[in-house]
Amino acid sequence: MRDVTLTVNGESRTVAADVRSTLLDLLRETLHLTGTKKGCDHGLCGACTVSVDGERVVSCLTLAASVDGSDVLTVEGIADGDQLHPLQQAFVDCDGFQCGFCTSGQISSAHAMLHEHARGDLSTASFEAGRSTVCHGPKALSDDEIRERMAGNICRCGAYANIVEAIAGVAKDVK
Amino acid sequence: MTSTTDAAGIVGTPMNRVEGIEKVTGHATYTADVVVPGTTYAVLVQSEIPHGTVTADSLRASTERALAAPGVLHVLTPLNCPALHAPPRQMSDDLPLERRPPLSDLTVQHVGQHMALVIADTLENATAAAASFELDYETAPPQLSAREVLDDAAGAGDRDGEGDGAVRHGVYQPDHFVKLEDEKLQDSRGVADEPTGAARVSATYTTPLNTHYPIELSATIAQWDDDVLTVHDTTRWITGERMALAAYLGIPEAKIRILSPLVGGAFGSKSFLWMHVALCAVAAREVGRPVKLVLTRDQMFSSTGHRPRTEQHLSLVADEAAHILSTEQHTLTETSTVAHFCEPVGLSARFLYDSPRLVVSHTVARINYPTPCFMRGPGEAPGLFALEVAMDELAYASNVDPMELRLRNDTDHDQASGKAWSGKHLRECYLQGAERFGWGERPMAPRSLHRDGLRVGWGMATATYPGRRMPASCRVTTDTAGHVRFASATHEVGTGVRTVMTQVAADAAGLDVALVGFDSGDSLFPDAPYSGASQTTATVGSAVHQAATEWRKRLDDMGGQLDQLTPGQLETLNFTTTSEGAAEGGPMSQSFGAHFCEVTVDEGIGRVSVTRWVAMMDCGRVLNPKLARNQVMGGITFGLGMALLEQVPYDAHTAQLIGEYYLPTHADRPVFDIGFVDVPDYGLDPVGVRGIGEIGTCGVPAAISNAIFHATGKRLRNLPITLENLMKPFDDESDPGGTP
Amino acid sequence: MKTFEFEHATTVEGAVDRVIATGGKYYAGGTNLLDLMKGGVEAPAALVDVRRLGLRDVTVTESGGVLIGSGVTNSALANHPLIRSQYPVLSQAILSGATTQLRNMATVGGNLMQRTRCPYFMETAFAQCNKRNPGSGCAAKDGFNREHALFGVSESCVAIHPSDMAVALAILDATVQVHGPDGRRDVPIAEFFRLPGDEPQRDNTLRAAEFIVGIELPPSPFAEHSWYLKVRDRHSYAFALVSVAAGLRVEDGVISAAAVALGGVAPMPWRVAEAEAGLIGQPPADAVFRTAAERIMVGAQPLGQNGFKVDLGKHSVVRALSTALRVT
């Protein structure tokens, strides 16, 4: 066992963790922050997506000990108290989920993705648009861009169209 | 898109899901999220061989080693597991409940069979101890395909694979699907011999092993309080699971409480009682502490059912006017050696088109593979693949537009039973769907359309799925503040049942929807059947409608003012009511639809894209168009996976799972245009609905295959359709395209 | 998972010392190593975490190329302005791999070190895997081998290397900078990966305890015309059946520089000198590309299920070169 200290959703937490523990299991089983879900435990489905030090990761393949000292943002930290984040409200209004199990991961992923796009990050979809877009980043987030950037979040219920609609709506408002 | 507070007209509005805010904030509680103080963790050990016997010595040695590992509290194996009872025949004859309880003997019937359960204080310790197991087996030759069993049975002269034991071999031909005696798996009508017609198509179609792959892993938390068992489980059959668990454990149902308020996707799985749930309950009793067991993703392939393979031989004969004279569909499929299941592939052929002659048969082979079960559109999904591709082939053989062929063979009653339909608007689906798609522009000849160096194809298929209704009960409770809650032991698996039941209840009770709630997921609530077969809205909806209507009547009989009731009067607004199943001798209830899709095919690199999709559905009344549209899009995406991506990969030599099972990602799905005929059908239930959960998938793989034929001229009858099927040889320089 | 020691290294020399002392492994993003540990394929006695060593810079070198620290994440590298403008094929190749979440975690060094995705290797239930368990046999040779190699195989192993980034590095003539017990070494990318031969358990030519500190790229002639084509079973998030990194420079209507590497077909990115030489001095025409494609696939040795990769490889080479040509 070793002490792992994380700032989770703005709050400093120190826990005694098994060195084998993933960030996912530490969040769920030790801190009882069960919003982040386990769908495969092998990085294949994206349901466990959280942000570590501002970048989205799959927490099932993150060794808790290796991120000792980091900032972690989970889905429970995305709303502002009772005030839903625009993404969350958009998911509700656009019906961006059915069973809801992948939703924490979709929202955590989309939340980070909007930041990535805002700072000019690319996806493979950007290369279809030519060198200038590759150099400067796509100005708008087209549906193709959103889909590619969200491809690591699997939704078996198939709510994909509404998820993209929700994200696109928020992306437009952010501009 | 916010909910209306106007009580009149809440049904049919796109109200947001009642549990939506919980789901987007991470506060929705699924089974594995439930925190039970003192919980211990269980991890399964599964067999790595398909057939044989494990040695007692290796079980003992592995158990000893595991018990010595850090944190391990107990190990259950066939050597020490308290005996469980076999389920009654009434449960195992028709349903895929395993006849042989888990850990009951040393034989191995399939890869992935549970061999041990390790319980420890932490998940890491349980996982490590389970991984330390090293089992030795005496292997026996396995039977891994229906063909193998058939050939064996033919040789041995024994084609009657009945027998009475828990473990059975051979082949058999079941009479009907689950307990639905009218859904005949061996059926025929009309003349004995296939007539000669102007056009005939006859081919073999195959569908591979598919798995449900809900994102939520199956999870169980079992705890005993003296002799009362509480089980949190990712189940969508609370009532049945309680019954089955009581049978396996040999305790009264009244001593079991099952909780499953939110399920993270099922698609046919998480029904019945899967063996790990019983083991979890046994483990909890042995260690005297709550036990939590979450299946791994790999274990989901073997331990909660799957869609078995099918091999279908389908022949259609039509006359000069392209009227079908004869339909024959013969299916060979598989189940395990320890449970019954027959994928009811040929049921749609019995009624979908006007066919005076019909022969449908199903042969099931018992193989050394895990037990299969329902998977979204059981029967329809693989069966309509074959039927709708065959219809497309018949259209070309008859030189008739594929949709025109469907119109010419549309039926006005159910030929299988002779009954009228409770409602049918399939023609509207065809015509409106075609209009929205632009089907009228379609040139008949394959390889006529191209765009940007890609071949383009347009295909269509009919969709259908039964409207079913079972008995269900609903409880109403009213508080002094005027809040009214309805409750039933049904399950919110993502279909939106809690939301639409709230709408139905508010509407029938004449209440502002903000005052109404619907609770599900607890066996203490009145009984409901499993949430599957697209029957929940009709079934639970009827019970809710009945309860809400009765509630309004009782209130009106007492003056109609809630705040003027005496406590005694208020108490009469708490009651439970039961609604019946579909009326005996009533009309046939079936939902219908039409799919139209466009694909592009890059023949250089063998890549197919499904670009746009139009689906028109006739599912009776649409209670919530936002939820319904999402459900259908989800079903189409599911079918796209079946068509182009999904097959459970396994190693031919060892029968082990191998590699990855691909699902559609965000990047794979088309642009959707979904429409509903939205004509209420009161023939099945007073709410006017028929099922919607599965019809979206039905016919989708055929529509895609048909579109690919239209694009390339290649007729593909085996799923999934992959790159190898579509890539042209490098030396074929016709149609040089090249622009990606 | 068996338990292990875990420590954060603070210097490169210290990391090397600790790996030698513990017999353990370097740990960066962990997206492959932790996955293999969960599956029991790897069970290191210790993990030496190398993400606090710095090594996160991308800088211009004296010769006008770039030096990439091995700790730079895949995402950071793909999005770096220098890479996007001067080496776009590298950016595109990285972005074609995995998902954003995984690319945010994985480092450049780790990307080169990732093991094969051959399912017989990754699943310990399959006893026969010479790469995981030397001498036990190779189940892929006459088993499930649809995703396996056409080139460079041996009797002992037919697996491929799954890295997309490496395929782009191959046409960019990258050099891998390595530090070990015997000091610094530079390994040209073409010499970094190994063919299995008789020792399939060794994926690369690193010596014991050697650690990748950086990757150097010379200035590239392919900034204007390059493309990474990845052909796979679904539109995103899947390993390559075949991939191609192609770079062209065209001057006065003829090709003056060309490089083509294939992924998904060998234990290393696959370049064929004759094919590239044959492009030089030729007009960038379809027939010329087809000839190069045929040359690249010479010597392909299909297995039972991957024969389609021969034609797919040819189609893909032509497609990648054509697309590279048309980039604007």
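Annotation note: Cβ proximity below 7 Å between a residue of segment A:52-73 that is at the interface with chain C (Cβ under 7 Å from one of its Cβ atoms) and a residue that is in a strand (DSSP E or B) and charged (D, E, K, R) (sequence gap 6+ or interchain) occurs for A:ALA65/A:ARG2; A:SER66/C:ASP49. The number of residues in segment C:163-193 being surrounded by fewer than 21 Cβ atoms within 10 Å (Cβ to Cβ) and in a loop (DSSP other than H, G, I, E, B) comes to 3.
Scanning segment B:491-530 for residues that are farther than 16 Å from B:VAL687 by Cα, in contact (Cβ under 8 Å) with a residue 60 or more places away in the chain and among the β-branched types (Val, Ile, Thr) returns B:VAL493, B:THR495, B:VAL513.
Among the candidates A:GLU128, A:GLU116, the residue that is at pLDDT 95 or above, under 13 Å from the mean Cα position of the chain (by Cα), surrounded by fewer than 24 Cβ atoms within 10 Å (Cβ to Cβ) and within 14 Å of chain C (Cβ to nearest Cβ) is uniquely A:GLU116. Residues considered: B:ARG408, B:ARG447, B:ARG427. Of these, the only one that is surrounded by fewer than 23 Cβ atoms within 10 Å (Cβ to Cβ), at pLDDT 95 or above and under 27 Å from the mean Cα position of the chain (by Cα) is B:ARG427. Evaluate segment C:282-297: report whether one residue or more is under 21 Å from C:VAL167 (Cβ atoms), among the aliphatic types (A, V, I, L, M) and in a loop (DSSP other than H, G, I, E, B). Yes, the conditions are met somewhere in segment C:282-297.
Can you name every one of the strands (runs of 3 or more DSSP E) wholly within segment C:194-271 that holds 1 or more residues which are touching a residue at least 60 places away in the same chain (Cβ under 8 Å) and farther than 30 Å from C:LYS25 by Cα? Step through it out loud before you land on a result.
Details: elements: C:211-217, C:225-231, C:242-251, C:254-263.
Correct list: C:225-231, C:242-251, C:254-263.
Among the residues here, C:LEU95 does not qualify as part of a loop (DSSP other than H, G, I, E, B) and either crowded, with 24+ Cβ neighbours inside 10 Å or modelled with pLDDT of 95 or more (or both). For beta carbons closer than 9 Å, sequence separation of 6+ or different chains, a first residue in segment C:280-295 that is closer than 14 Å to B:PHE730 by Cα and a second that is modelled with pLDDT under 95, the qualifying pairs are C:ASP286/B:PRO736; C:ASP286/B:GLY738; C:ARG290/B:GLU733.
Each row is one residue, and each column tells you yes or no for (1) facing chain A (nearest Cβ under 9 Å); (2) of a type outside the set (S, T, N, Q); (3) more than 25 Å from B:VAL43 (Cα to Cα); (4) part of a strand (DSSP E or B).
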{"site": "C:VAL16", "(1), (2), (3), (4)": "no, yes, yes, no"}
{"site": "C:THR31", "(1), (2), (3), (4)": "yes, no, no, no"}
{"site": "C:LEU36", "(1), (2), (3), (4)": "no, yes, no, no"}
{"site": "C:ALA43", "(1), (2), (3), (4)": "no, yes, no, no"}
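Where residues in segment B:600-623 are away from chain C (no Cβ under 14 Å), in a strand (DSSP E or B) and not aliphatic (A, V, I, L, M), which of them is surrounded by the fewest Cβ atoms within 10 Å (Cβ to Cβ)? Please lay out each step first, then the result.
So the first thing to find is which residues in segment B:600-623 are away from chain C (no Cβ under 14 Å), and the list is B:612-623.
Now narrow it down to the ones that are in a strand (DSSP E or B): B:612-618, B:620.
Next, only the ones that are not aliphatic (A, V, I, L, M) stay: B:612-613, B:618, B:620.
Details: B:ARG612: 15, B:TRP613: 27, B:ASP618: 25, B:GLY620: 30.
The extreme case among them is B:ARG612.
One residue stands out in segment C:66-79 among those that are under 22 Å from C:ASP186 (Cβ atoms) and surrounded by fewer than 23 Cβ atoms within 10 Å (Cβ to Cβ): the one that is nearest to the other protein chains (Cβ to nearest Cβ), namely C:VAL72.
Take C:LEU90 and tell me if it is within 12 Å of chain A (Cβ to nearest Cβ), surrounded by 21 or more Cβ atoms within 10 Å (Cβ to Cβ) and in a strand (DSSP E or B). Judged against the criteria, C:LEU90 is not a match.
Counting only residues that are of a type in the set (A, V, I, L, M, F, W, C) and within 22 Å of C:PRO269 (Cβ to Cβ), which one in segment C:117-137 is surrounded by the fewest Cβ atoms within 10 Å (Cβ to Cβ)? Here the answer is C:MET122.
Sort out for me the strands (runs of 3 or more DSSP E) sitting completely within segment A:5-87 that have 2 or more residues that are crowded, with 23+ Cβ neighbours inside 10 Å.
Values: elements: A:11-17, A:49-52, A:55-58, A:71-73.
In segment A:5-87, the matching strands (runs of 3 or more DSSP E) lie at A:49-52, A:55-58.
Go through (1) surrounded by 22 or more Cβ atoms within 10 Å (Cβ to Cβ); (2) at pLDDT below 95; (3) more than 23 Å from B:THR697 (Cβ to Cβ) one by one and return the number of the condition B:LEU565 breaks. Of (1) surrounded by 22 or more Cβ atoms within 10 Å (Cβ to Cβ); (2) at pLDDT below 95; (3) more than 23 Å from B:THR697 (Cβ to Cβ), only one is false for B:LEU565: (1). Has segment B:428-441 got at least one residue that is touching an Asp or Glu at 6+ places or on another chain (Cβ under 8 Å), in a loop (DSSP other than H, G, I, E, B) and over 16 Å from B:GLU598 (Cβ atoms)? Checking segment B:428-441: not a single residue is touching an Asp or Glu at 6+ places or on another chain (Cβ under 8 Å), in a loop (DSSP other than H, G, I, E, B) and over 16 Å from B:GLU598 (Cβ atoms).
Name every residue in segment B:216-265 that is of a type in the set (Ser, Thr, Tyr) and touching a helix residue (DSSP H, G or I) at 6+ places or on another chain (Cβ under 7 Å), in order of residue number. Those that are of a type in the set (Ser, Thr, Tyr) and touching a helix residue (DSSP H, G or I) at 6+ places or on another chain (Cβ under 7 Å): B:SER218, B:THR220, B:THR234, B:THR235, B:TYR248, B:SER260. Filtering B:ASP354, B:ASP392 for residues that are modelled with pLDDT of 95 or more, of a type in the set (D, E, K, R), in contact with a Pro (Cβ under 9 Å, 6 or more places away or on another chain) and not in a strand (DSSP E or B) leaves a single hit, B:ASP392. For A:HIS85, the conditions (1) free of Cβ contacts under 8 Å to residues at least 60 places away in the same chain; (2) of a type outside the set (Lys, Arg); (3) closer than 30 Å to C:THR10 by Cβ; (4) within 11 Å of chain B (Cβ to nearest Cβ) all hold with the exception of (3). Keeping to segment A:4-36, report how many residues are under 29 Å from A:CYS155 (Cα atoms), facing chain B (nearest Cβ under 7 Å) and not hydroxyl-bearing (Ser, Thr, Tyr). Going through segment A:4-36 one residue at a time, the tally reaches 5. Among residues that are within 14 Å of chain A (Cβ to nearest Cβ), in contact (Cβ under 8 Å) with a residue 60 or more places away in the chain and surrounded by fewer than 24 Cβ atoms within 10 Å (Cβ to Cβ), C:GLN114 is included. Among residues of segment B:425-447 that are on the phi > 0 side of the Ramachandran plot, those with a beta-carbon under 8 Å from a residue that is of a type in the set (Gly, Ala, Ser) and buried (at least 16 other Cβ atoms within 10 Å of the Cβ) at least six positions away or on a different chain give the pairs B:ARG447/B:ALA711. Could you give me the residue pairs with C-beta distances under 8 Å whose first residue belongs to segment B:117-128 and is at the interface with chain A (Cβ under 8 Å from one of its Cβ atoms), whose second residue is among the polar types (S, T, N, Q) wherever it lies, and which are 6+ apart or on separate chains? Final answer for the pair search is B:GLU124/A:SER21; B:ALA128/C:THR3. Would you mind telling me which numbered condition in (1) modelled with pLDDT of 95 or more; (2) in a loop (DSSP other than H, G, I, E, B); (3) within 14 Å of chain A (Cβ to nearest Cβ) B:MET642 fails? Condition (2) is where B:MET642 drops out.
Looking only at segment B:276-323, which residues are in contact with a Cys (Cβ under 6 Å, 6 or more places away or on another chain) and among the hydrophobic types (A, V, I, L, M, F, W, C)? Don't jump to the end; show me each part of the working.
Of the residues in segment B:276-323, the ones in contact with a Cys (Cβ under 6 Å, 6 or more places away or on another chain) are B:291, B:293, B:297, B:305.
Listed by number, the residues that qualify are B:VAL291, B:LEU293.
Take the conditions surrounded by fewer than 23 Cβ atoms within 10 Å (Cβ to Cβ), within 14 Å of chain A (Cβ to nearest Cβ), in contact (Cβ under 8 Å) with a residue 12 or more places away in the chain and more than 29 Å from B:ASP354 (Cα to Cα) and apply them to B:THR304. Does it pass? No, not satisfied.
The values are calculated or read from the model by the stated rules, or taken from the named source; none is laboratory data. Remember, it's a predicted structure, so these values are computed and weren't measured experimentally. When we count neighbours, we look across all protein chains shown, and the Cβ atoms used for this are built from the backbone with ideal geometry, even at glycine.
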